Amino acid sequence: MRIPLYQVDAFTGRLFGGNPAAVCPLPEWLPDATMQAIAAENNLAETAFFVSQGEGYLLRWFTPTVEVELCGHATLASGYVVTHILRPERRSVGFETLKAGPLAVTRDGDQLAMDFPCWPPEQEPADPRILAALGKMPKESYIARGRTLAVYERAEDVAALKPDFAAMRRVPGADAIVTAPGANGIDFVSRYFAPNFGVDEDPATGSAHCVLTPYWAARLGKKQLKAQQISARVGDLLCTLRGDRITLAGRAVLYLKGEIMV
């Protein structure tokens, strides 16, 4: 069986930036074990699989080790593949997902905008074991839909973090979104660590901004925010708060297309 494979750098306008995602359009679902094996073989943060359903698609995402409930950069990459390659006459595409509900991607020039859920932080401090593993204690910490949010005073603090990933793996399900105010037109910066999900550091993470957008919108008193994920590859996002939903916008670049032989 031949399966199309596209690799797209998401949340960037340049090759080798942002976050690479693999995208595999399917005529019908493969066994879960096969999709997980493909994701492990690809060895990227996420591999997206989608199947046509009416005018839209069913969409699922796999890291090299697990299936996840939501992935922003692989959704952006999937939207790119549909609106630039498979159906270039279309300017929007709807995706139905197992755990995150309906999602939409709209093409606007060289930008792709995604309609995503909003996950505000809860007034609950994070697990101290996770915070200690980050290597520097944050000024504030919260929980948001099971995710750790650690807030630092300066972007330099976030950039300098060298987490103890082995310690994080000893806490089941531990992950961490770390953030601080930005500068020079950037409202906030972030990084995301998810060693329990097969990704020590994710380069540009849409789902993390489901948490970051409501936090920074409330703190800064503005609904539209420019964000930068300051991983080694760097990701750029435009985030807009819309009540209980958010819009995440960014660019994407095609790196590779080929076939998988299964």
Cleavage-rule hits (trypsin sites (Lys or Arg not before Pro)) in the range 186-262: DSSP loop, at most 12 neighbouring Cβ within 10 angstrom = LYS222
Between ALA167 and GLU89, 0.36 nm times their residue separation minus their Cα-Cα distance comes to what?
-> 23.2 nm
Would you kindly derive the ³J(HN,Hα) couplings of the range 182-190 from the backbone phi angles with the Karplus curve 6.51 cos²θ - 1.76 cosθ + 1.60 (θ = phi - 60°), listing them in order in whole Hz, with x for Gly and Pro?
-> x, 7, 6, x, 9, 6, 8, 10, 7
Counting only pairs 8 or more places apart or on different chains, how many lysine pairs in the chain have C-alpha atoms closer than 27 Å?
-> 8
Amide H neighbours of ILE260 at under 5 Å, excluding residues fewer than 5 places away on the same chain, with H built from the backbone geometry, are ILE3, LEU5
Give me the percent of DSSP beta bridges within the range 1-130 that run antiparallel, rounded to the nearest 5.
-> 75 percent
State the extension gain, in nm to one decimal, for the chain segment bounded by ARG14 and ASP108, taking 0.36 nm per residue of separation less the distance between their alpha-carbons.
-> 32.1 nm
Under the Karplus curve 6.51 cos²θ - 1.76 cosθ + 1.60, θ = phi - 60°, whole-Hz ³J(HN,Hα) for the range 246-262, x wherever Gly or Pro sits = 9, 10, 10, 10, x, 9, 8, 9, 6, 9, 8, 9, x, 9, 9, 9, 10
Whole-Hz Karplus ³J(HN,Hα) for the range 26-42, in order, using 6.51 cos²θ - 1.76 cosθ + 1.60 and θ = phi - 60°, x for Gly and Pro?
-> 10, x, 7, 5, 7, x, 3, 4, 5, 5, 5, 5, 5, 4, 5, 5, 5
Which order, highest average first, do 84-92, 72-80 follow once you tally other Cβ atoms within 10 Å for each residue and take the mean per peptide?
-> 72-80, 84-92
How big, on average over all directions, is the shadow cast by the Cα convex hull of the range 1-106, in nm²?
-> 6.4 nm²
Give the calculated FRET efficiency between LYS99 and ASN184 to the nearest 0.05, with a Förster radius of 51 Å applied to their Cβ-Cβ distance.
-> 0.90
Would you pull out the residues with amide H under 5 Å of TYR255's amide H, same chain only if 5 or more places away, H placed 1.01 Å from N?
-> GLN7, VAL8, ASP9
P(r) weight above 31 Å for the chain, C-alpha pairs, percent | 20 percent
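Read-outs: derived from the displayed coordinates by stated rules, not from any lab. This structure is a prediction, so every number in the text was calculated from the model and none was measured. Every residue, glycine among them, receives a Cβ derived from its backbone with ideal geometry; neighbour counts consider all protein chains shown.
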